[in-house]
Structure formats: C-alpha cells, structure tokens
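Let me begin by presenting the structure, written as structure tokens, before commenting on it.
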Amino acid sequence: MIAPLRPGRYGPGVWSKLMDRPDQTTHFGFRDVPLGDKQTLVNDVFHSVASRYDLMNDLMSGGLHRVWKNIMITALDPPKGDAPFALLDVAGGTGDIAFRAAEAAGSGFRATVCDINADMLDVGRSRAVARHLEERVSFVEGNAEALAFGDRIFDAYTIAFGIRNVPRIDAALREAYRVLRPGSRFLCLEFSTVDMPGLDALYDFFSFKVIPPLGRAVTGDAESYQYLVESIRKFPRPNAFAEMIRAAGFSRVKWESLSGGIVALHSGWRL
C-alpha cells in the first residue's frame, strides 16, 4: 500500500516557524538570499518551466539523463514479485523516476511522488494516465524538509536532480532517514563535479553559454536555467555530500561518478 499521509502535520504556521531565521542566508545560484526566501524563488523557477521540463532535460543532456536515471533504477532494483514495496520519490514531480521504477517492478510496487510544486505534479499526473500507471503511482504536494508521512513506512527513497534546490539539505536528509524502514535504501542522483580534464572547460561553456539561451528559446525563460546551472556549482562536492548523508544517520554511504563527474549517484542505507 502507498504510505499514508499525515495531513496537517506541517501547516503554514508551523512551516513559517521552521523557516523563521532572518539572520541566516543561503545561495540561490550565485546569489545569497535569506533562507526563508529560497523556496519561493525555486518554486517560481519550476512554475515557469514545468510544461517543457522533460523536453529541456533531453535537450540539455543530449538524452543522457535517461541513461543516468536508468542506472539509478538498476541500483534501486525494485522487486519483481507481488510483495508490497513502497517507494517515496521526492522532488520528482513529472514522474520520471517513479514511472521507470514501476515499469521495472512487480505488481506489489507502489510509488508516491512528493513535490512542492503543483505545476510539476500536474504534469506528472497527466503522464501517469497516459502510461496507465495512475493506480501504481500517486502524486502528493509536500516539502522535502517536512514530509507529511509517518515514521519508517517506505522501502526506498529516491531524489533525482532535486536536492540541490532544497534550502536546508540537512533537514531533507533527516526526513529521508525518518520515513525509511530499517534495511531500506536512500538513493540520490545529482549533478556533481566534472573531474575529466578538457571536459570541465567544455562543460562550463555549454552550461553558461548554451543552456540559458536554449531555455529562452524552448520555454521563454533564460533566467530559470541560469539559476539551474549556477546551482550545480554551489552543490557540495561528492565527498562533502556523503558526509552530510552519514550525519543524517545513514550507513554504508557511497557514491559513483557518471559521465566524467557530470553527475553522481549517492547511496546510503538505514540499518
């Protein structure tokens, strides 16, 4: 069964207290902004690009994002039988990871996609119907830092290209640990640090000179894609992010660099 929600656990009043830190700042791309402002700014980005988000992923990566996501699903290895298995896919609004997992799994598999952006979720719901997966994949609006789910109820947690947009990554990692059952796995696919000589310069040129104009041409929004490429440079290096995963309580933490370090697949277990 899909894990139950706990409605109202984090209502607007509680959430405002969580974010009431006027003395703290964080980064929004290369800009420093008040911690409490980042989520609204990120929401604006994804409201703007939701309808063309998947098309832009294909154009920006030359289709490689599909390969990276398939590697993630292979690592997840969802069960093929009819035993119940509950996946929580966070910041996965358009459903890419959940759909791939459902199509690779058996009849007992169910996925809950949790995303803070209603427009992205609307795209995901439409795609689920088109794929005849609406009975196996559900969509819930929620925040990664304050998940409205019970403790220890999911068999796996995935987040792909989303955690760098979370204002308080440490809080999101603690929430991931909380909602996982003992023996369950955390998987995070995220852009990383290019470590191949020559590729690094080419990657920087493509990121800053090609992607924002491409975003303008396809979505009418260059600024959102300027933020997205800047946010990659502000994300912790793999070893530093691995330490954050360990600090949240996870064991057997490791990562695998893909495509010369363009992305990394991070893994941890709740034991």
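Label-to-label distance, Glu256 versus Ala201, with points set 7 angstrom from Cα along the beta-carbon direction: 3.1 nm. For q values of 0.11, 0.12, 0.24 Å⁻¹, compute log₁₀ I(q)/I(0) with the Debye formula on a Cα-only model of region 80-152, without solvent. Debye curve over Cα of region 80-152, log10 I(q)/I(0) at q = 0.11, 0.12, 0.24 Å⁻¹: -0.24, -0.29, -1.04.
In plain terms, if you count all Cα to Cα distances in the chain and split them into 5 Å steps from zero, the share in each step is 1, 6, 13, 17, 20, 19, 14, 7, 3, 1, 0 percent.
Computed from the C-beta positions of Ser107 and Thr74 and an R0 of 25 Å, the FRET efficiency is 0.80 to the nearest 0.05. Using every pair of separate Cα atoms, the Kirkwood estimate puts the hydrodynamic radius of region 150-271 at 15.5 angstrom.
Note on Trp269 and Val140: the model spin-label points, each 7 Å out from Cα along the C-beta direction, lie 2.6 nm apart. For the pair Phe208 and Asp82, a Förster radius of 51 Å applied to the C-beta separation gives a FRET efficiency near 0.55, rounded to the nearest 0.05.
Taken together, the values in this text are just the output of simple stated rules run on the coordinates, not laboratory data. Small disclaimer: the values here were computed from a predicted structure and weren't measured. Positions of Cβ are generated from backbone atoms using ideal geometry, with glycine treated the same way; all protein chains shown enter the neighbour counts.
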